[in-house]
Amino acid sequence: MIGTFRRSYSHVSVPAFGVIEIVAFGWLALGAVVHRLPSGVPGKATESAPPTVTTNAVHNLTADDLGAFLDGRVPSIMQRDDIAGAVVVVVKDGKVLLARGYGYADIAAKKRVSPEETLFRPASISKLFTWTAVMQLVEQGRLDLDRDVNTYLDFEIPHRFGKAVTLRHLMTHRAGFEESLEDLFVADVKKLTPLGPLLAAHLPRQIFVPGTTTAYSNYGAGLAGYIVQRVSERPFEDYIDEFIFQPLRMTHSTFRQPVPEPMGSLLSRTYFATSQPALETQWMPMAPAGGLSTTGADMARFMLAHLGEGELDGVRILKPETARLMHAGQVDYDAAGNGFTLGFIDESRNGHRMISHNGRISTFRSDLNLMPDAGFGFFISCNGPVNCGPVWQHVFDRYFPPPGPEPPTLASAEQDGNAVAGRYLTSRRIETNGINSLFQEIEVTAGADHTITTDGGEGWKTWSGAPRRWREVAPFVFQDVNGPDRILFQRDPNGRLRLVGAGWFVAERVDSMWSNQTMFVIYLVPFGAFFLTLLAWPVGALVRRHYGRKLRLSRQERWQRWIVRIVCACYLAGNIFLISAEGWFRVMMIVVVGLLGTVFVGWAAVGAWRSREYGFLTKLWYVALVPICLAQAWDVFHGHL
């Protein structure tokens, strides 16, 4: 989105408060807005941050103690964050220790949440079922983790970097795909597309060499589910029913969308706030990546099966060696082993190894955490917009506290904080659409108290929306000042600094020239220019009318003025609507505006410069429009808009 604005009123002289001054004032106001954007310059540290104080008292993990603890915490958190309903399930040593429903599944009907009957949509936790299905076929010898996935497909994944994508790459989110949001969710079930054609039509571009960079991918999970479907020769939903749900007696679970009756009537409603009407259910066309609907009780059985190395109540869904392979670390980013298994996020917390996954869809928020060495599993799902994951962290700290005191802040905190300050672009990004990449950066700032702060999307702010603060507890390892979460900074094989968070999340530092902030200014200033150009049109007419002036333009000059206005209006509309525009609008932007519009503006600039009716400033304005429109056309193509 690039551009400038144009002064198109009369060539005759007007008083000092004329259109040029009005437009200039607007331009300066826009500049003031740009100037107020965060600079990202780290502050100077002056004192060390105290270590976080934690209690290491050990509480007995019993149903009574856990129930009393949750009953005291969950309702208050739900009230604070305006969450309508939640389900919490805890398993321990092969049994369900606790299953609780809180609040409402349907506020209007006063229908309360039931762990046994209320269906929640745990979104990306669905992937664990897809990966389990893949491992079932691997142990049968029907799939190979390290074979080119094209072996199993009826369309081709290009070898853009000369290297094949494998199932191991898909399961560790290292296939190199960029993110894609197009048709990721739909509200109308009629827009659900069969899995194969959907994947073939929405093949994302590879932006990393397979196997080199973790970039979380819904498409990769969808692709794995389609491979399960093709190799098993049955629909994906049928396969999961027959080989996972039925053996585990998960009788209230389905990947079918919409949820069939009678289960459909058990699906929880979802709310932005308890005082607002329920939202329409969102469906995920790429079902293997997030199409599951299930109850807390059913998720307990799935957790128990994985904690039992594939066995529950004498029934196996995986052989022990297959389950151990699936749970084994595959990608490690630090000495603690944080990274990915074959499908699970692999983390070390409070001295325990944890394999986990979370999920976000519409306003459902869910977390699943397994601690194999303690036979412990925890699942929570909420039907509100705020993540209820902190509940499990409270439980974890109460029953599995850190083995010792928190490490102190390092003396190198100020120096290292300044070294890592900057902007980082997440590897999970939409790279071929320049507009969307503006919203995928994390800002790291060195604070005045020997801490650093992070600001960005979900996970990089506190629950109140403030930037999160971190202190250095090991060389270039920073811990949240209010909890156990850690991030670290390290060099990639090319020597570039990268941020690793949540055990697996990767973001690369970007040069200031190509940072979110710089690109935002590049987009914002032209946007304002187009707006002010169009604003000058009626303002100029009013000024001329007030002073009794008329434009004395030839027919060609009038045509040129109209064409320039149309082009500016199209650019402005494109800048506003392009992110969510349909295909026809994109074609209009590229053909009408990106190509023809720029040519016509050049023609108008030549005519304006030759005109005897225009003053110097107006001529200069027309000429300035040409490079701006060329830049806009370049943006359309370069940003793959």
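Where a number appears in this text, it was derived from the coordinates with a stated rule and is not lab data. What you see is a predicted model, and the numbers here were worked out from it, not measured in a lab. Cβ sites come from the backbone with ideal geometry, for glycine too, and all protein chains shown count toward neighbours.
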Notebook entry, point to check: Between Asp93 and Ala374, what is the label-to-label distance in nm when each label sits 7 Å out along the Cα-to-Cβ direction?
Noted result: 1.4 nm
Next item on the list: Could you compute the FRET efficiency for Gln246 and Arg324, with r as their C-beta to C-beta distance and R0 at 25 Å, rounded to 0.05?
Entry: 0.55
Check: Relative contact order (percent) for the stretch 195-325, with alpha-carbon contacts under 8 angstrom and 6 or more residues of separation?
Finding: 25 percent
Note to self: From Cα pairs below 8 angstrom and at least 6 apart in sequence, can you work out the relative contact order of the stretch 97-254, rounded to a whole percent?
What the structure shows: 23 percent
Notebook entry, point to check: Considering the dipole of the stretch 63-399 built from charges on the beta carbon (Lys and Arg +1, Asp and Glu -1) around the Cα centre, which of Phe120, Ala215, Ala374 is farthest to its positive end?
Noted result: Phe120
Margin query: With unit charges on the beta carbons (Lys and Arg positive, Asp and Glu negative) and the dipole taken about the Cα centre of the stretch 63-399, which residue among Pro258, Ala273, Ala175 sits farthest to the positive side?
Written below: Ala273
Next item on the list: Provide the FRET efficiency to the nearest 0.05 for the Asn60-Glu117 pair, computing r from the beta carbons and using R0 = 41 Å.
Entry: 0.85
Notebook entry, point to check: Nearest 0.05, what FRET efficiency do Arg147 and Ala201 give at R0 = 25 Å with Cβ-Cβ as r?
Noted result: 0.55
Next item on the list: Any chance you could get the radius of gyration and Dmax over the Cα atoms of the stretch 63-399, in Å?
Entry: 19.2, 58
Next item on the list: Please report the orientation-averaged projected area of the stretch 187-242, defined via the convex hull of its C-alpha atoms, in nm².
Entry: 5.3 nm²
Notebook entry, point to check: Once you put a point 7 Å from the Cα of Thr462 and another 7 Å from the Cα of Arg160, both along the Cβ direction, what distance in nm separates them?
Noted result: 3.9 nm
Next item on the list: May I ask for the net charge around Ser366, where only other residues with Cβ less than 10 Å from the Cβ of Ser366 are counted and Lys, Arg are +1 while Asp, Glu are -1?
Entry: +2
Note to self: Run the numbers for Arg360 and Leu542: contour at 0.36 nm per residue of separation, minus the present Cα-Cα distance, in nm.
What the structure shows: 60.3 nm
Note to self: If the only charges are +1 at each Lys and Arg Cβ and -1 at each Asp and Glu Cβ, what is the size of the charge dipole of the stretch 63-399 around the Cα centre, to the nearest 20 debye?
What the structure shows: 280 debye
Checklist line | Length gained when the stretch Glu280-Asp188 is fully extended (0.36 nm per residue, less Cα-Cα span) | finding: 32.2 nm
Checklist line | Net length gained if the chain between Ala108 and Val315 were fully extended (0.36 nm per residue, minus Cα distance) | finding: 70.4 nm
